[in-house]
Amino acid sequence: GLFGKGRRNMCGYGALPLEKVRVGIIGVGSRGKGAVKRLANIQDVEIVALCDLGEAEVNLSQQTLEKAGRPAAKAYFGSEEIWKELVALDLDLVYIATPWRWHTPMAVHAMKNGKHAATEVPAATTLDECWELVETSEKTGKHCMMLENTCYDFFEMQTLNMVRQGLFGELTHAEGAYIHALCHLITNEKNGYQGQWRFNQNNTKNGNLYPTHGLGPISQCMEINRGNRFSHLVSMSSQEAAFSEWSRAHGKDKYANLEHYRGDMNTTTIKCARGETIMLQHDVSTPRPYSRIHLLQGSKGVARKYPEPRIFIDRGGKAKRHPWFNEDQMKELEEKYEHPLCRTMGEIARKVGGHGGMDFIMDYRLIYCLKHGMSLDQDVYDAAAWSSIFPLSIDSVAKNGRTVDVPDFTRGNWKSNAPLGIVNVDP
Ligand code: A2G
């Protein structure tokens, strides 16, 4: 309900149920075109309109709709402002997969025009944007979900389930990351990020520029904004080396001598109100295997996803050593604790795809919650808190690693907000 003049608590908030969810998608490039395919595979979704700067991108997604036996969507392309025409249509949801700097302006505009908003990660890149999302969602009563797909990956969902059933005891520490060698994409001037926007971000900002893939699932386990919150953080970046070396080795010397390019590895330590610590890393330069780490440590055990999923739980007894569980024990745990949503949706999710299925589970669940007038698994406070590490880490790095406070975007409601609904879903 309302908790102040024109202000609702959006945590646990359910909007009016919908029979069909009419969607407009802004941005159908490398990320958005997959969303078109996934949403076309979900019942009671109507893809009303598509928008992109490029006509070719829109046409490609029209073909996707045709292949799925869906009617053609209204098409918008050709100018930087044309997305506003899409937002003006009769829609329930605006789905945003554009470069970072557009996420907040588009989500805010959508909500102000009476639509729910779902945006790619990060939802915001400044604290002002974080607050703007929160205030707009509260004032309009429209949902604003950040599309953090990693929250719906199979091991993340299983460990969330296990955390809630107390298997790891009391959580004390977690580690997450976005470690992904992206030099080839960041320096690709033709088929990389439109106008090289990701290079421009990395060339002007030093901190954790992509905090949410690692942080989202951990935050759900630690009940951030629902009994817990981020309190403060410290952040440091290493020197830059891998990006310039890679560029030199690949004949791209113009990227090899940049003065302000982000340091390779950023490490941020976040302290939570209940006491837990979170170690969060970002590195999109170094040639090393992909990792989001996803380590959860409690008083009774530990789980860690990368390089391969491992779990250990202390079951008492006299053991002095604590070896990772073997394959049989891992299988047993999976059978017992696989998240119900993965159990029912896993097969079709793997078939439709999107990072192995998690993207589909995310979209399916978003539509399900909207249809049933339920609160979303990721609300505007999560979008704000998880994204805020972007500007806050930059701030701490610039101050030689000094402590920076994380704002309480719930304005105190984190103390009484109910736990996350996804833990006991009945899909
Ligand atoms: O690489 C992956 O697909 C990322 N997603 C995505 O966020 C983006 O950075 C992309 C490169 O453009 C995950 O790692 C889940």
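The values are calculated or read from the model by the stated rules, or taken from the named source; none is laboratory data. This one's a predicted model, so the numbers in the text were calculated from it and none came from an experiment. Cβ coordinates were reconstructed from backbone atoms using ideal geometry, including for glycine residues, and neighbour counts include every protein chain displayed. Only protein heavy atoms, including side chains, enter the accessible area calculation; ligands, DNA and RNA are left aside. Shrake-Rupley method; radii C 1.70, N 1.55, O 1.52, S 1.80 Å.
Quick notes on this structure:
- Identity of the residue in segment 328-356, part of a helix (DSSP H, G or I) and within 21 Å of residue 32 (Cα to Cα), that ends up most open to solvent (accessible area, probe 1.4 Å): 351
- Filter result for residue 303 (within 16 Å of the ligand (Cβ to nearest atom) and of a type in the set (A, V, I, L, M)): no
- Selection within segment 135-159 - out of contact with any Gly (no Cβ under 8 Å at 6 or more places or on another chain), under 24 Å from residue 364 (Cα atoms) and either at pLDDT below 95 or β-branched (Val, Ile, Thr) (or both): 159
- Residue count for segment 253-273, restricted to those that are within 21 Å of residue 188 (Cβ to Cβ), open to solvent by 60 Å² or more (accessible area, probe 1.4 Å) and over 29 Å from the mean Cα position of the chain (by Cα): 3
- Checked against the criteria, residue 382 does not count as within 16 Å of the ligand (Cβ to nearest atom), charged (D, E, K, R) and open to solvent by less than 10 Å² (accessible area, probe 1.4 Å).
- Conditions (1) in contact (Cβ under 8 Å) with a residue 24 or more places away in the chain; (2) part of a loop (DSSP other than H, G, I, E, B); (3) open to solvent by less than 30 Å² (accessible area, probe 1.4 Å); (4) touching a helix residue (DSSP H, G or I) at 6+ places or on another chain (Cβ under 8 Å); number of the one not met by residue 408: (3)
Here's the yes/no breakdown for (1) more than 16 Å from the ligand (Cβ to nearest atom); (2) assigned to a loop (DSSP other than H, G, I, E, B); (3) within 23 Å of the chain's Cα centre (by Cα); (4) of a type outside the set (Phe, Trp, Tyr):
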{"site": "10", "(1), (2), (3), (4)": "yes, yes, yes, yes"}
{"site": "16", "(1), (2), (3), (4)": "yes, yes, no, yes"}
{"site": "25", "(1), (2), (3), (4)": "yes, no, yes, yes"}
{"site": "34", "(1), (2), (3), (4)": "no, no, yes, yes"}
{"site": "49", "(1), (2), (3), (4)": "yes, no, no, yes"}
{"site": "70", "(1), (2), (3), (4)": "yes, yes, no, yes"}
{"site": "101", "(1), (2), (3), (4)": "no, no, yes, yes"}
{"site": "105", "(1), (2), (3), (4)": "yes, no, yes, yes"}
{"site": "118", "(1), (2), (3), (4)": "no, no, yes, yes"}
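- Among (1) within 17 Å of residue 39 (Cα to Cα); (2) hydrophobic (A, V, I, L, M, F, W, C); (3) more than 16 Å from the ligand (Cβ to nearest atom) - the single one residue 97 does not satisfy: (3)
- Unmet criterion (only one of (1) within 12 Å of the ligand (Cβ to nearest atom); (2) within 21 Å of the chain's Cα centre (by Cα)) for residue 184: (2)
- Residue 323 meets each of the listed conditions (1) over 22 Å from residue 174 (Cβ atoms); (2) away from the ligand (no atom under 16 Å from the Cβ); (3) loosely packed, with under 11 Cβ neighbours inside 10 Å apart from (1).
- One residue stands out in segment 46-78 among those that are free of Cβ contacts under 8 Å to residues at least 24 places away in the same chain and within 21 Å of residue 195 (Cα to Cα): the one that is surrounded by the fewest Cβ atoms within 10 Å (Cβ to Cβ), namely 56.
- Some residue of segment 160-172 being at pLDDT 95 or above and in a strand (DSSP E or B): yes
- Any hit, segment 231-245, residues being within 16 Å of the ligand (Cβ to nearest atom), surrounded by fewer than 22 Cβ atoms within 10 Å (Cβ to Cβ) and not in a helix (DSSP H, G or I): no
- Members of segment 188-221 that are away from the ligand (no atom under 13 Å from the Cβ) and more than 21 Å from residue 401 (Cβ to Cβ): 189, 190, 195, 200, 203, 218, 219, 220, 221
- Hits in segment 162-180 (condition: open to solvent by less than 30 Å² (accessible area, probe 1.4 Å) and within 16 Å of the ligand (Cβ to nearest atom)): 176, 177, 178, 179
- Test set (1) open to solvent by less than 20 Å² (accessible area, probe 1.4 Å); (2) touching a residue at least 40 places away in the same chain (Cβ under 8 Å); (3) farther than 15 Å from residue 117 by Cα; (4) assigned to a helix (DSSP H, G or I) - residue 42 fails condition number: (4)
- No other residue among 202, 208, 225 is open to solvent by less than 20 Å² (accessible area, probe 1.4 Å) and touching an Asp or Glu at 6+ places or on another chain (Cβ under 7 Å) apart from 225.
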